[in-house]
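Everything on this sheet refers to the single structure shown next.
The values are calculated or read from the model by the stated rules, or taken from the named source; none is laboratory data. Owing to the predicted nature of the structure, the values given are computational and were not obtained by experimental measurement. Positions of Cβ are backbone-derived with ideal geometry, glycine not excepted, and every protein chain shown enters the neighbour counts. The accessibility values were calculated without ligands, DNA or RNA, using every heavy atom of the protein model including side chains. Shrake-Rupley method; radii C 1.70, N 1.55, O 1.52, S 1.80 Å.
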Amino acid sequence: MKQRLITGIVAGAVFLGLCFLGGWAYQLLLAGMALIGFYEFVKMTGVRVFGGTAILGYAAVACYMIPWSLLGVNPWLSWEQGIWLLLLLFLLVTVFSKNKQDIKITSLLFTGIVYIGMGFSYMAVARAAGDGHGLFWTFLLLCCIWGSDAGAYFVGRSFGRNKLWPAISPNKTVEGALGGVLISIVISIVFAIFVPDLLTYGRALLIGLSCAVLGQLGDLVQSAYKRVYGIKDSGSLLPGHGGILDRCDSWIIVFPFVHIVMLMPYY
């Protein structure tokens, strides 16, 4: 617990400090986290972490993290075009490698690129919000996610009786999940109370609910994936916490979701 606490304080201070600064500092941090996260993903699958197909994946994740707004240019491909071309490249890998990299592996890596690359890229989008309040929106989502995690843990430990999804994550309970939802909504409403010009109560309710539900589902996605491969943590970068994907599994689901369904008013 001591190691976990120290790691959490140091890593949290670095992350929040660079998030507060924004710009290139935060963008480079997110890019590094995305590349490490993809490394953990590749390693879990058993694919050579620096094999040809994996390197193509790293390059694709790096492309997702290019800070177009900071460079002052418009990307030459839309999201849809980029994803389709990436899919084509991975399909062609199976052909040119004569199935040494079969469709199962390339499909898995393609999933990892979209899952991790888009997740972290939307975190960058939130911080660079077009309305000039990126720090507010980023902290809102992070606080709701963290509040949901804490609420689920403490409510689950105190009142948990009914298992939520024992086949995937045996320690999670229905009561804990509901506690996490409640705490997340309360946090979002508090943000709305203090900054009503940016956040209405209705939008706050939807954002708080989304952060809790999608955040917990993101956690279950990672748990399911690790269970398939029989591992406890995605990595060991953060002593006492595991890897990047262990800590960010909720973030990289929540941030894209709230943008795609247009809960962020600046988007």
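Miscellaneous remarks
- Residues being among the basic types (K, R) and surrounded by 20 or more Cβ atoms within 10 Å (Cβ to Cβ) - total across segment 136-168: 0
- Within segment 144-201, the set of residues being charged (D, E, K, R) and under 25 Å from G130 (Cβ atoms) comprises D197 only.
- Elements of type helices (runs of 4 or more DSSP H) contained in segment 169-267, each with 2 or more residues being free of Cβ contacts under 8 Å to residues at least 40 places away in the same chain and open to solvent by less than 40 Å² (accessible area, probe 1.4 Å): 174-194, 201-229
- Within segment 234-248, the set of residues being under 21 Å from T111 (Cα atoms) and in contact with a Leu (Cβ under 9 Å, 6 or more places away or on another chain) comprises S234, G235, G243, I244, D246, R247.
- Of the helices (runs of 4 or more DSSP H) lying entirely inside segment 32-137, the ones with 2 or more residues being of a type in the set (G, A, S) and closer than 19 Å to S234 by Cα are found at 52-64.
- As a summary of the residue check, G160 satisfies the conditions (1) within 23 Å of the chain's Cα centre (by Cα); (2) at pLDDT below 90 except for the one numbered (1).
Rundown of residues vs (1) polar (S, T, N, Q); (2) free of Cβ contacts under 8 Å to residues at least 12 places away in the same chain; (3) in contact with a helix residue (DSSP H, G or I) (Cβ under 7 Å, 6 or more places away or on another chain); (4) closer than 20 Å to M33 by Cβ, yes/no style:
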residue: N74; (1), (2), (3), (4): yes, yes, yes, no
residue: G82; (1), (2), (3), (4): no, no, no, no
residue: F96; (1), (2), (3), (4): no, yes, no, no
residue: N99; (1), (2), (3), (4): yes, yes, no, no
residue: S107; (1), (2), (3), (4): yes, no, no, no
residue: A124; (1), (2), (3), (4): no, no, yes, yes
residue: G132; (1), (2), (3), (4): no, yes, no, no
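- Residue pairs meeting the criteria (Cβ under 6 Å; at least 6 apart or on separate chains; first under 11 Å from M118 (Cβ atoms) and modelled with pLDDT under 95, in segment 52-65; second in a helix (DSSP H, G or I) and hydroxyl-bearing (S, T, Y)): Y64/S121; M65/S121
- Scanning segment 107-162 for residues that are β-branched (V, I, T) and more than 17 Å from F257 (Cα to Cα) yields a count of 1.
- Qualifying position, being farther than 19 Å from V114 by Cβ, among the hydrophobic types (A, V, I, L, M, F, W, C) and open to solvent by less than 50 Å² (accessible area, probe 1.4 Å), among L70, L18: L18
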